[in-house]
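Asks: Sharing a structure with you now.
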Amino acid sequence: MRPVALISAAAAPILLIGGWTVAESLQPPGFDPLHDTISQLAALDARDRGVMTTGLVGTGLAYLCTAFGLTEVARVGRLLLAIGGVGTIMVAVFPLPADPTAHGVSAGVAFIALAAWPFFAVGGSPDAPWTVRRPFTIIAGLTLLALVAWFGAALQSGNLVGLAERIAAGAQATWPLIVAVSLFATSRRRPAAADADAVR
């Protein structure tokens, strides 16, 4: 694992969750994070929209750097994580309400790719951590997909859309960090184990 992966994986949830937290505090009193979406914080008519726009672009770039750095993860998984990063950036590039179709497609690509990448993130090393082993990769993927499905259902019903989106997006931003930390911890244990074997 390249060191940049740990840094960028930690940056993603900070930029995303920190971005929407700061942006929400700048909105008029009528803004409701339980019902209003993250995209509305970066919309053309949002107050201080640059805060959330920066948060989205930074989060997308963090996903790209993490995908580049997770060398112990299967290539397809890293590719999906990178696609999720590009989709996140494009959400900011196509703000509401100027181009709702491009915005919606970008968001859909980002959410699906970031939910699907754990399924394909199995590590090739026999001593790979649990985060990149079956059945944990399947559990992680199913959990993230379930959260995205909840968000989709909330969009249809109009009930707690903001809450569902924030939980889904927050979980997707946090999982790469968990994977990166587990890979880093495993890599730190390998030299120690090798030294112990050498002493024996």
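A short reminder: the numbers here are calculations on the coordinates, not readings from a lab. What you are looking at is a predicted structure, and each value in this text was computed from that prediction instead of being measured. We place every Cβ from the backbone using ideal geometry, glycine too, and count neighbours over all the protein chains shown.
Asks: As a test of understanding, state the convex hull volume per residue of segment 3-190 from its alpha carbons, in Å³.
Replies: 95
Asks: To the nearest 20 Debye, how big is the dipole of segment 3-190 about its Cα centre, given +1 on the beta carbon of each Lys and Arg and -1 on that of each Asp and Glu?
Replies: Around 800 debye, computed over segment 3-190.
Asks: Any chance you could give the angle, 0 to 90 degrees and rounded to 10, that helix 3-25 forms with the longest Cα principal axis of the chain?
Replies: So the helix axis and the longest Cα principal axis differ by about 20 degrees.
Asks: With +1 on the Cβ of every Lys and Arg and -1 on the Cβ of every Asp and Glu, and nothing else charged, how large is the dipole of segment 36-82 about its Cα centre, in debye rounded to the nearest 20?
Replies: For segment 36-82, the charge dipole is close to 180 debye.
Asks: In degrees, nearest 10, range 0 to 90: what is the angle between the Cα axis of helix 136-157 and the longest Cα principal axis of the chain?
Replies: 0
Asks: Along the positive direction of the dipole of segment 3-190 (beta-carbon charges: Lys, Arg +1; Asp, Glu -1; about the Cα centre), which of Ser182, Ser39, Pro100 reaches farthest?
Replies: It is Ser182, whose Cα lies furthest towards the positive end.
Asks: What is the sum of charges around Trp20, taking Lys and Arg as +1, Asp and Glu as -1, for the other residues whose C-beta is under 14 Å from the C-beta of Trp20?
Replies: -2
Asks: Below 15 angstrom from the Cβ of Val4, what's the summed charge of the other residues (Lys, Arg +1; Asp, Glu -1)?
Replies: +1
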